[in-house]
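Take a look at the structure below.
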Amino acid sequence: MHIRDHITEKLIKAFAPFHVEVVDESAQHQGHAGWRPGGQTHFRIHIVAEAFNGKSRIERHRMINGILAEELKKGVHALAIHAAAPSEDTHHRKTEDG
């Protein structure tokens, strides 16, 4: 299983998001700190979940970093995180039909 898929599964289990997207951006960081051959070191996360209602940006990042602590210890070098509550996200709002 790719690390991207593992990260996605953990986020779904932890936050039951309306939307989650995890993009491996490792190729864009070739030669930079933390990069290694084979990639799977730098990820961009976009997640929309009720769990982020009333939370600051720092609290949301801490929540996600806590869920992904093991991955960060084992080779994931960087996470670019965009975490939003459903009321803040205009691109992925859940409709009344589901």
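The values are calculated or read from the model by the stated rules, or taken from the named source; none is laboratory data. Just so it is clear, the structure is predicted and the values come from calculations on it, not from any experiment. Quick reminder, even Gly has a Cβ in these numbers, built from the backbone with ideal geometry, and neighbours come from all protein chains shown.
Among residues of the stretch 61-80 that are under 13 Å from I7 (Cα atoms), those with a beta-carbon under 6 Å from a residue that is among the aromatic types (F, W, Y) and surrounded by 12 or more Cβ atoms within 10 Å (Cβ to Cβ) at least six positions away or on a different chain give the pairs L79/F43.
Yes or no, residue by residue, for (1) modelled with pLDDT under 95; (2) in contact with a His (Cβ under 9 Å, 6 or more places away or on another chain):
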| position | (1), (2) |
| --- | --- |
| S56 | no, no |
| I64 | no, no |
| I67 | no, no |
| E71 | yes, yes |
| K74 | yes, no |
| L79 | yes, yes |
| A84 | no, yes |
| D89 | yes, yes |
| D97 | yes, no |
